[in-house]
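Please treat every number below as a calculation from the coordinates, not as lab data. Quick caveat, the model's predicted, so the values are computed rather than measured. No Cβ is skipped: glycine too gets one built from the backbone with ideal geometry, and neighbour counts run over all protein chains shown.
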Amino acid sequence: MKKILLFLFAVTLIFVSGIALAAFCPECGTKNDGANKFCTGCGARLTQAGQKTDEGSVTKVIGDAALNVVGIRVKKERASQFTDVGSGFVADKIDTVCYVMTCNGFFNDTDEIEEIKIMSSDKKEYGARIFMQDYASCLVLLQVETECSFVPLKLGNSENITVGEQVFAVGNPLGLEKSVTRGIISARDRCFDYLEYEGLLQTDAAINPGSIGGPLLNSKGEVIGVTYTGYSKQYSEGLNFAVPSTLASEIIKGIKTKQIKRPWIGIAVLCISTELKDWLKDEKKKNITVEEGVIVAAVADTRPLMMKYDVIRKINGAQVKNIWQLQSAILVMNIGDTVKIVIERDGKETEFGVVVKEKPSEPEFPVEDEFETLFGASLSERFGTVRIKSAMKKGLAESMGLKEDYEIDKIFKKNIDSLETFYDAFKEAYSRKKRILSWPKKYITAMHST
């Protein structure tokens, strides 16, 4: 009898184990292996044995977080009323003063903004002002001007997020507070032309214009990104992006000093692409033979170890295939540390140490290098005009509408009639906007020469 009972018990264990190893997701019915963390059918987070995480707890966590997501409203010069521009979230609170993080794109024209207001989930309005802007990450902190009872959202570590993990975008599209959309992380380390830092998170969670600037949350309610932009459904469905929380945390750390301290090795870089290689070769600047990697586009140090057009192959022993791999390795360094960098120059590899410095608020690169290489265009002067001789395909200049044979008419409303006036205006504009890559199209006007 005991043998029969033991046999039945063993069979029961095998049967139960079979369920644990291959169970069905309660949400979509997909059969999942027990080792899966996420449902292969719908992307829902699984606990064990293919069972989905308790929806009730996730709903409560996201609902609590949504209480501290706000709408952003601005009133511009000569405007009769406020306009809803996007969303934000309470990122920190010191005593009774709250700080709201959002997307800096709403505040490019600070001279034109007369008043800023934030609207809470219970539709209370608070006055706010710009406290700190970071053009590099396209993030901004607003300081609420009156006492408030908001609770700051907890920042998660975006480095730990995995492709396929479930996320939630919270915002106030069209003034509809506490709007939540769900999706998954579709990819990591994406890039945009107007951001100095790469590594954007890509998600299929819907991000509407009014939701931009709001938090992208994990299932614990932690902020793992700040929603940055989304492509129109006219072009692509479910293609949306968020600035990772690793960059947001650096800004929040600087609230008390009102200064963002970032490690820096004194160079500006570009990813190697077919278009870049072809343009450099056509302009007789450099013949790049490698297929992938990162190229030094400009050097700020007066006595650099690295030189323009060096290809960065490794940093601290790790391969460098894209800009984010280089940036993420530097971001974790302390100022004063020495990093080992392997570069390729004229077909030969060289290794040396570079001391990490604090990044200045206005890095000074040679203006010609900054424009011609980073901007992807070369210039010539003729009969009182400055003309674009060539523009790199898919380069930033071309993306701003500047093409071959175009004449640059104005920069920040200053007339351009020579290379000298161009560089003078360029330097002043660079100082005002911190980085050329953050300029909107309207700051440079040009016409096609005939």
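How much net charge surrounds Lys348 when only the other residues with a Cβ under 13 Å from the Cβ of Lys348 are counted, with Lys and Arg +1 and Asp and Glu -1?
Net local charge, Lys348 excluded: -3.
If you take the beta carbon distance between Glu292 and Asn316 as r and set R0 to 30 Å, what does 1/(1 + (r/R0)^6) give as a FRET efficiency, to the nearest 0.05?
0.95
Rounded, prolate or oblate, given the Cα gyration tensor of region 57-259, with a/c below 1.5 counting as rounded?
rounded
Between Lys340 and Asn157, take the C-beta separation as r, use R0 = 30 Å, and let me know the FRET efficiency to the nearest 0.05.
With R0 = 30 Å, the Cβ-Cβ based efficiency is 0.75.
May I ask for the net charge around Gly221, where only other residues with Cβ less than 10 Å from the Cβ of Gly221 are counted and Lys, Arg are +1 while Asp, Glu are -1?
+1
Would you calculate the separation in nanometres between label points at Thr96 and Glu112, each defined as 7 Å from the Cα along the Cα-to-beta-carbon direction?
Between Thr96 and Glu112, the label points sit 3.6 nm apart.
Filter the chymotrypsin sites (Phe, Trp or Tyr not before Pro) in region 112-141 to those in DSSP coil with at most 14 other Cβ atoms within 10 Å of their Cβ, and list the result.
Passing sites in region 112-141 do not exist.
Holding the Cα-Cα limit at 22 Å, pick out from Lys286/Lys321; Lys93/Lys258; Lys277/Lys348; Lys277/Lys359; Lys277/Lys393; Lys281/Lys314 the pairs that are longer than that.
Flagged as over cut-off: Lys277/Lys359; Lys281/Lys314.
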